[in-house]
Amino acid sequence: MDGGSPEQGAGHTALCGPPPLTARGFTVRKVTLRVVFADDNYLVRAGVSALLSEGDEIELVTAVADADALIRAVAEHRPDAVLTDIRMPPTHTIEGIDAAKRIRTEYPDIGVVVLSQYADDDYAFELLENGVGGLGYLLKERVADRDELVRALQEVARGGSALDPKVIEALLARKSHEQPSALLGLTDREREVLQQMATGRNNHTIAKTLYMSDRAVEKHIGSIFQKLGLVEEGELNRRIMAVLAFLEATGSAH
């Protein structure tokens, strides 16, 4: 497999040309995210590389074919975020997860999104056992949605989390068959809202996704915080802790 850098097309415009001018005359330049990508499948690597390079939000620094090359690339380039497959040589098991955990330990400012063919709760537990900050887990079916992929990379790069809704569903399904917890006291709608929170979406985006009003989302989130005993925390901490409460509960029963 070719582990070298992908060719950058002529359409790649990151940091090229003059920045746009606002109505007040101030210049504004979008922050370009530097990304390293790893996948052992050449066609997937080439296709996703081309997709990422289409806009100016992402600068694809290099694309590699295995976990060892990924670790070397991160050490050399110090990207803002990493996108990696889970199953890679030599064993095609959890090389991507092991690499993600190592990167987060050695380079805590670098976010990592892992890609998987399936919403495997075992993989999710393995990846998130030490917390969700700076980590993402997306299904490969999401890759075709460039906006979703870019959003996930941006979210983990700033220390947030980006978990695929189907992964959250798998975790919730698993927990429902195990010991009771405060999370089981949530209504179906509250669970849907919590799933959206876990993917890093803000209230307005959650409302649009679930076809609800912003006020209804705020009400559900308030109820979630109340049921999880997070009333006294600040807003950001409560959102993080609501997701962690679920992941830690399921992880402790794993």
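Annotation note: GluC sites (Glu not before Pro) in the range 94-126 located in DSSP loop regions with a Cβ neighbour count of at most 16 within 10 Å are absent.
Annotation: peptides 66-74, 86-94, 50-58, ranked by per-residue average of other Cβ atoms within 10 Å with the highest first, follow the order 66-74, 50-58, 86-94. Taking a straight Cα-Cα cut-off under 12 Å and skipping sequence neighbours fewer than 8 places away in the same chain, the aspartates and glutamates within cross-link reach of K227 are E190. Modelled spin labels at Y118 and D56, positioned 7 Å past Cα toward Cβ, are 4.3 nm from each other. Going by accessible surface with a 1.4 Å probe and the largest first, H220, H204 read H204, H220. Can you classify the range 53-139 as rounded, prolate or oblate using the Cα gyration tensor, where a ≥ b ≥ c are the square roots of its eigenvalues, rounded means a/c under 1.5, and otherwise it's prolate if a/b beats b/c and oblate if not? Because its axes are fairly even, with a/c under 1.5, the range 53-139 counts as rounded. Which percent of the accessible heavy-atom area of the range 120-174 goes to carbon and sulfur, probe 1.4 angstrom? Roughly 41 percent of what the probe reaches on the range 120-174 is carbon or sulfur.
Each residue of the range 99-105 was assigned a 3J(HN,Hα) from its phi angle through the Karplus curve 6.51 cos²θ - 1.76 cosθ + 1.60 (θ = phi - 60°); the sequence is 5, 4, 5, 5, 4, 5, 6 Hz, with glycine and proline shown as x. Per-residue Karplus couplings for the range 122-138, computed as 6.51 cos²θ - 1.76 cosθ + 1.60 with θ equal to phi - 60°, are listed in order as 5, 4, 4, 4, 4, 5, 9, 4, 9, x, 9, x, x, 10, x, 9, 10 Hz, Gly and Pro entered as x. In percent, rounded to a whole number, the relative contact order of the range 79-146 is 31, using alpha-carbon pairs under 8 Å and six or more apart.
The values are calculated or read from the model by the stated rules, or taken from the named source; none is laboratory data. Because the structure is predicted, anything quoted here is derived from the model rather than measured. Note that we place each Cβ from the backbone using ideal geometry, even for glycine, and neighbour counts take in every protein chain shown. Protein only, heavy atoms only, side chains kept; ligands, DNA and RNA dropped before computing areas. Shrake-Rupley method; radii C 1.70, N 1.55, O 1.52, S 1.80 Å.
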